[in-house]
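Report on the structure given below.
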Amino acid sequence: VYTHHFGSDTMSNDYYLRPQTAWQFALDANPNIVKDSITFKSAGLPDYSKAGMAPFNHSGWPTTLSAKVRRVEWGIEKNSAARPPTSPACKSTTCGSPQEATLAPFGGTELRISEFPLADFAHAAAEESSQFV
């Protein structure tokens, strides 16, 4: 892979990207039964021999995850996302409304989140505690 370097050989490049949509989300998933909360989707591998097809395009990803998420409070530190909120990141009354999100492969976007907190898993704790009675 080759890229164009702007400036002289002794210069580095800094880029500042601002999100255009909300990114502060927590997974609304039951950690005991993840398959009920997150769905894996495979579209198959694209034909990279065709013009315009690239492994790290902004669309046409070979795989995605579909997950329920909730908006949470998540700050910014030093022009970057702060550490993820501790799970559970909110209670059902303080979380945003549940919504469906498509999670793209890590290299398929400019802004990346590698660790999501869980929104509220009180239902999981209740299920877990009943197993040990």
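All of the numbers you see were taken from the coordinates with simple rules; none came from a lab. Predicted, not measured: the structure shown is a model, and the values here were computed from it. Cβ coordinates were reconstructed from backbone atoms using ideal geometry, including for glycine residues, and neighbour counts include every protein chain displayed.
What to note about this one:
- Using R0 = 22 Å, the C-beta based FRET efficiency linking Leu65 and Leu17 works out to 0.45.
- Table column - 3J(HN,Hα) (Hz), the range 35-47, Karplus curve with 6.51, -1.76, 1.60, x for Gly and Pro: 4, 7, 10, 10, 10, 8, 10, 10, 9, x, 6, x, 7
- On the beta carbon distance between Ala51 and Ser97, with R0 = 35 Å, the FRET formula returns roughly 0.25.
- Computed from label points 7 Å out along Cα-Cβ, the spacing between Ser114 and Ser87 is 1.7 nm.
- Close amide H partners of Phe25, meaning residues 5 or more places away or on another chain with modelled amide H under 5 Å apart, are Val72.
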